[in-house]
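Undergrad: Quick one: this structure, given as C-alpha cells, is what I'll be asking you about.
The values are calculated or read from the model by the stated rules, or taken from the named source; none is laboratory data. What you are looking at is a predicted structure, and each value in this text was computed from that prediction instead of being measured. Glycine gets a Cβ as well: all are built from the backbone with ideal geometry, and neighbour counts include every protein chain shown. Accessible surface is based on the protein model in full, side chains and every heavy atom, while ligands, DNA and RNA are left aside. Shrake-Rupley method; radii C 1.70, N 1.55, O 1.52, S 1.80 Å.
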2 protein chains.
Amino acid sequence: MERRKLELVKSLLKRIHEGADPESLKKEFGEVLAEVSPAEIPVIEQQLVKEGVPVQEILRMCDIHVALFRDYLISRELKGVPEGHPLDLLLRENELILKWAEQLSVVANALANASNGEATPLLQQLRALLSNLRAVRTHYRKIQMLLFPYLERRGIVAVPRVLWGREDQAILKLRALLKRVEGELPPEEAREVAKEAAGLARELAELVFRENKILFPALWVLLTEGEWAAVAEEARKIGYLVEVERRWEPKAEPVLPYQTEPRVEEGGLERLPPEFRAVAAGVEPDRYKLVREGDLDLGTGFLSPEEVGGIFRALPVEVTFADANDRVRFYSDGLLPPAFVRTRTILGRKLLYCHPPRLERLVRETVEALRRGEADYREFWTRIGGRVVRVFISAVRDENGRYLGALEVVEDFTEVLRNPEEVLKKVVVL
Amino acid sequence: MERRKLELVKSLLKRIHEGADPESLKKEFGEVLAEVSPAEIPVIEQQLVKEGVPVQEILRMCDIHVALFRDYLISRELKGVPEGHPLDLLLRENELILKWAEQLSVVANALANASNGEATPLLQQLRALLSNLRAVRTHYRKIQMLLFPYLERRGIVAVPRVLWGREDQAILKLRALLKRVEGELPPEEAREVAKEAAGLARELAELVFRENKILFPALWVLLTEGEWAAVAEEARKIGYLVEVERRWEPKAEPVLPYQTEPRVEEGGLERLPPEFRAVAAGVEPDRYKLVREGDLDLGTGFLSPEEVGGIFRALPVEVTFADANDRVRFYSDGLLPPAFVRTRTILGRKLLYCHPPRLERLVRETVEALRRGEADYREFWTRIGGRVVRVFISAVRDENGRYLGALEVVEDFTEVLRNPEEVLKKVVVL
C-alpha cells in the first residue's frame, strides 16, 4: 500500500468521523475511491490501528465504508434490478455481510497484535461478532437452495459446486472458531484465534465480491422473470438478513427449475461475465422430466402411489390414520420392529373401539381437541414391554385447514433415553 | 365344596401323580368330572395343600388337569373346528393360559398361607409365573384386533367392549403385580401380594371360560369361512402362544371386516349362545363404506391424495425423497419447526447437488449401500444451531423389494437428549 493512498483514505475516514455526508465525500474523494478496492480497506484499517486510531472508532465507520463503496460493489450490469427483487435483497445482504466481515477484520487484527492486557475485551468483542456471523447461513442457503438449481438445470454445474465448497469452508471455519472462543483463552491462544478470524473475514469478503461481480450478474442475464418470481416466493421460507420494505411484484407466473425448458440463449452468452461465458457455452442442459403420468401432486413434490406406499414402509415410525369420521383408514408397517402391532382387520373400525374402554375418554378428548383446532398435536409417553415409546397424535388438515382426521405416530425412544451420552458421542458435522 | 367331591378329586389327582393315563382316568372318573367345574379346581387344590400335599407336586399336575377337562373346556358346538383353524389355536392357547392360571393360583395360595421361612422361595416362583404370564397379551391382542372388529361390523358392540375391559383389567393387575414383586418383599407384604395374584389367577381363568363358552361359540356361528381366512392371515403378524403344527387351508378368499356386507342371518341367531342372542337380535349393523372413488390402495389402507398430503404435513419429522434416479421428487413440511429448510426449487435436483461437495462421497456411498440392498437404513446425528437432530436415511422399496429411492427422515431429539429424566417422568400406562 503506497503512502499516498493511505494518507488519502485516512483523511477520508477522518472526515467520516467528523460526520460528513457520504454522498458529498464520494464526490470529493472520487479519485481515491476509484483507486482503492474494498478488499484493500482492511489493510488500510490495520495500519490506522497501528498508528493509534482506536478500534472502536474504526468499527463505527464500517457502515459508512460500505455505503461509500456501494457503486463499486454493485456492478454496472445490476443497476436495473428493481427494489425488493430477490437479487436486490441478496445485494443488500452482501453489504451487511461485508460490514460484518470488515468489523471482524478490524477486531481480529487488533487482537492479533494486542498486548496481554488489551486481549480480554477484544476477545469478548470477537466472540460477539463471530456469533453474529452465524446468520450468513441464511444468505448462503438462498444461493444454494434457490439459485444454484437454475444453473444446474442449464448444465452449469462447476461454478455452483465450487462456490458452495467455499461457502461451506467459511461456515466450518466459523463453527470451529465459535467453539474455540467459547470459554476464556490465554492471550497467546487468543492471538492465534484472532489470526484465523482475520482469515475468515477475508474469505467472507471475497465471497461477497465473487457473488456481486460474477454470480449475480450471470444470474441476472440467465434467469427469466418467472424464475425470479419462483425464487421470490420460495425465499419467504428462508427469510432475509435485511428488512424487506417493498415487495417486488413480478410480471410473470413462478417457474420452478423442473418446469423450465433449459437452454442458454445465443445472445445471452455474450452478456455473461467472462468466468461464466466459457462454462455456459459447451454444456448439456438437464432435461430430467420430473412429473410422470399418474403421479400425485402433493404441492411439495410428485409421487407415484407405489412410492407413497414405499415411503410409509421406510419410515422409522409407525403411523395410523383415522379419518374425519373417526374411522381407521390407514396404518403403516414401519421399518423398525413395531411397538403396537396393526392388522388389516382394523381398517374401517371406529377409532374408539381400537382401545380398551379405560382409554375411551382420553382418546375422545384428544381427537375432539384436534378437530376443534385447539391443538395441533398431543403427545404421550408410555412403556411397552421394556421399551419407552412416544405416541404422538396430530391433526391432519388440508391446505385450507379443514380437518381430515387424526394421525397417531408411534416411535421407540428406548435407546436414546437409556444412553443419551452415547448418542451425543455420535454427533458429526454435516 | 362337599367332602365327597374333594375325596374323589384327591384320589383322581393321586392316580395322576402315580402316572396313570388321563384318557383312562377320564373314563373311570367320568362321573366326578361331570360334577366338578374347572373353576372349582383351585379351591380343591388349596385344600390339598392345607392337607399337606406339596405345592411342587400339584404344580406338576396342572398340565394334566387341563387335559382332563378339555371336554368341558371346549363346548360341544366347537367340536367341528378344524385343526390349525384360528379358533382351534385360540382354544389351545386357552388351555395353556388356564394351566398358567392354575399354577399361579397354587403358588399364590401357598404363599398367602406360608410361614415367614417358606415365603422367599414361593415369592421367587410367583415372580417367574407372573413374568411368564405377560405372554397372554398375545392371546388378547388377537381377540381384540382380529375378532372383535367382525362383531362390531355386525353391530354387536357391548360384548367386545365389556370383554376388552376385563382383559385390560387383568393386564393392568399383572403389570402392577410385576412391579411390586421386582425386589425382595417383607413376608407380610409378600402374603398381601399373593392374595392379589390369586385374584388375578381367578380372573384369567374366568376369561378363559367366558371365551370358550360364549365368545368362541358365537364367533363360530357368525363368521364365514372367508372371514376366518382373513383372521388366519392377519394372525401371523401377532403370532400364537402355541406351536402351529398344521396350517389350516381355508376354502374361501380372505374377507376383512370392511369388506363384509354385515347381517346376522335369521337361522344363525338361534344357534348363538344365549348371552349373544339378545344383543345380536335388535342391533344395527355398521355399514361404513371405507373405500372411496379415487382412493389410493396402499395395501394397509386407503387414502385420498389430499389425505396423503395432510399426513406428511402432520408428521413430527421432515422427509425428503429422492427417486431411483437420485432426483429429489418430494419433501414434506412437517408439523414442527424445520431442522433443514426445503424449498420447491430443489424438486428434480440431483441428490448429490443438495449437499456441499465435502459430503458428496458420504451421500453417494450411503445411497449406493441402500440401492444394493446392503443396508435398510443408515443414521447420522448432527447439530444444527443449538439442536441435535437425527438424519435417518432409508431405502424405499416396492412390495417386491425393488429399489424406488432413498428417504431422508430428519428429527429433532434435543429435548429428549437434554432431559431424559423429564421425559421418563411423563410415562403413563396406555
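Undergrad: How many percent of Cα pairs in region A:279-430 exceed 20 Å?
TA: Here the long-distance tail beyond 20 Å is 62 percent of all Cα pairs in region A:279-430.
Undergrad: How far apart are the residue B:252 label points across copies, placing each 7 Å from Cα toward Cβ, in nm, shortest first?
TA: 6.3
Undergrad: Continuing with this model, one more query. What is the local net charge at residue A:223, summed over the other residues whose Cβ is closer than 11 Å to its Cβ (Lys, Arg +1; Asp, Glu -1)?
TA: Charge balance in the 11 Å sphere: 0.
Undergrad: Given the pairs B:5/B:213; A:142/A:213; A:350/B:142; B:251/B:289, which span a C-alpha to C-alpha distance of over 21 angstrom in this model?
TA: Details: B:5/B:213 24 Å; A:142/A:213 18 Å; A:350/B:142 17 Å; B:251/B:289 26 Å.
Result: B:5/B:213; B:251/B:289 exceed 21 Å.
Undergrad: Within the set of other residues whose C-beta is less than 10 Å from the C-beta of residue A:239, count the net charge using Lys and Arg as +1 and Asp and Glu as -1.
TA: Numbers: positive: A:141, A:142, A:236, A:237; negative: none.
Combined, the nearby Lys, Arg, Asp and Glu give +4.
Undergrad: What is the Cα centroid distance between region A:399-430 and region A:110-126, reported in whole angstrom?
TA: Taking the Cα centre of each part, region A:399-430 and region A:110-126 sit 43 Å apart.
Undergrad: With no solvent and one equal point scatterer placed on each C-alpha of region A:81-233, evaluate the Debye formula and give log10 I(q)/I(0) for q = 0.16, 0.18, 0.20 Å⁻¹, two decimals.
TA: -0.84, -0.98, -1.14
Undergrad: When every alpha-carbon pair in chain A is counted, what percent end up more than 34 Å apart?
TA: 53 percent
Undergrad: Quick one: length gained pulling residue A:173 to residue A:269 fully straight, 0.36 nm per residue minus the C-alpha distance?
TA: Details: separation 96, 0.36 × 96 = 34.56 nm, distance 3.56 nm.
Working it through step by step, the gained length comes to 31.0 nm.
Undergrad: Just to confirm the numbers: residue B:113, label point 7 angstrom along the Cα-Cβ line, distances to the other copies in nm, shortest first?
TA: 9.9
Undergrad: Suppose R0 equals 22 Å. What FRET efficiency, 1/(1 + (r/R0)^6) with r the Cβ-Cβ distance, do residue A:138 and residue B:383 give to the nearest 0.05?
TA: That pair, residue A:138 with residue B:383, gives E of 0.80.
Undergrad: Could you tell me which of rounded, prolate or oblate describes region A:131-175, using a ≥ b ≥ c as the square roots of the eigenvalues of the alpha-carbon gyration tensor, with rounded for a/c under 1.5 and, failing that, prolate when a/b is larger than b/c and oblate otherwise?
TA: Verdict is oblate for region A:131-175.
Undergrad: Can you give the average number of partner chain beta-carbon atoms within 10 Å of each beta-carbon in peptide A:356-363, as a whole number?
TA: Mean number of neighbouring Cβ atoms from other chains: 4.
Undergrad: Any idea what angle helix B:225-238 forms with the longest principal axis of chain B, computed on alpha-carbon atoms, 0 to 90 degrees, nearest 10?
TA: Taking Cα atoms only, the helix is inclined about 70 degrees.
Undergrad: In nm to one decimal, list the spacings between the residue B:24 label point and its equivalents in the other copies, with label points set 7 Å along Cα to Cβ, shortest first.
TA: Here residue B:24 shows inter-copy label distances of 12.7 nm.
Undergrad: Additional query: Which of the residue pairs B:26/B:173; A:26/A:237; A:99/A:237; A:27/A:173 have a Cα-Cα distance greater than 29 Å in the structure shown?
TA: B:26/B:173; A:26/A:237; A:27/A:173
Undergrad: Nearest 500 deg cm²/dmol is fine: what mean residue ellipticity at 222 nm does chain B get from its DSSP H runs of n ≥ 4 alone, each adding -39,500 (n - 2.57), divided by its residue count?
TA: -16000 deg cm²/dmol, from helical runs alone.
Undergrad: Turning to a different aspect of this structure: How many percent of the accessible area of the protein assembly as shown is carbon or sulfur, using a 1.4 Å probe?
TA: Carbon and sulfur together cover 50 percent of it.
Undergrad: To continue, here is another question. For chains A and B, what's the summed buried accessible area, probe 1.4 Å, to the nearest 100 square angstrom?
TA: 10100 Å²
Undergrad: Can you spot the lysines whose alpha carbon is less than 18 Å from residue A:425's alpha carbon? Ignore those fewer than 8 places along the same chain.
TA: Excluding near neighbours in sequence, the set is A:179.
Undergrad: Would you please give the residues with an amide H less than 5 Å from that of residue A:397, counting only those at least 5 places away or on a separate chain, with H modeled from the backbone geometry?
TA: For residue A:397, whose amide H was placed from the backbone, the distant partners under 5 Å are A:404.
Undergrad: Please give the Cα centre distance for region A:224-255 versus region A:345-369, rounded to the nearest Å.
TA: With region A:224-255 and region A:345-369 each reduced to a Cα centre, they are spaced 45 Å.
Undergrad: Further, regarding this structure: Over the Cα atoms of region A:366-430, compute the convex hull volume and normalise it per residue, giving Å³.
TA: Hull volume normalised by residue count: 118 Å³.
Undergrad: Enter the angle in degrees (range 0 to 90, nearest 10) between the Cα long axis of helix B:116-133 and the first principal axis of the Cα atoms of chain B, meaning the one along which they spread out most.
TA: 50 degrees
Undergrad: What is the Cα centroid distance between region A:194-220 and region A:277-336, reported in whole angstrom?
TA: Spelled out, the Cα-based centre of one part sits 37 Å from the other.
Undergrad: Okay, next question. Amide H neighbours of residue B:256 under 5 Å, counting only residues 5+ apart in sequence or on other chains, H built in-plane at 1.01 Å?
TA: Distant-sequence amide H within range of residue B:256: zero hits.
Undergrad: Okay, next question. With N denoting the number of residues in the protein assembly as shown, provide Rg(C-alpha) divided by 2.2 N^0.38 Å, to two decimal places.
TA: The reported ratio for this selection is 1.29.
Undergrad: On a 0 to 90 degree scale, rounded to 10, what angle separates helix B:3-17 from the longest Cα axis of chain B?
TA: 60 degrees
Undergrad: Beta carbons within 10 angstrom, averaged per residue: use that to sort the peptides A:117-124, B:137-144, B:341-348, highest first.
TA: B:341-348, B:137-144, A:117-124
Undergrad: Accessible area per residue for chain B in Å², computed with a 1.4 Å probe and the full protein assembly in place, what is it?
TA: Accessible surface, normalised per residue, equals 45 Å².
Undergrad: At 1.306 mPa s and 10 °C, plugging the Kirkwood radius over alpha-carbon pairs of region A:273-354 into Stokes-Einstein gives what diffusion coefficient in µm²/s?
TA: D = 96 µm²/s.
Undergrad: A further question follows. Just how large is the dipole of chain A about the Cα centre, in debye to the nearest 20, putting +1 at every Lys and Arg Cβ and -1 at every Asp and Glu Cβ?
TA: The dipole magnitude comes to about 1120 debye.
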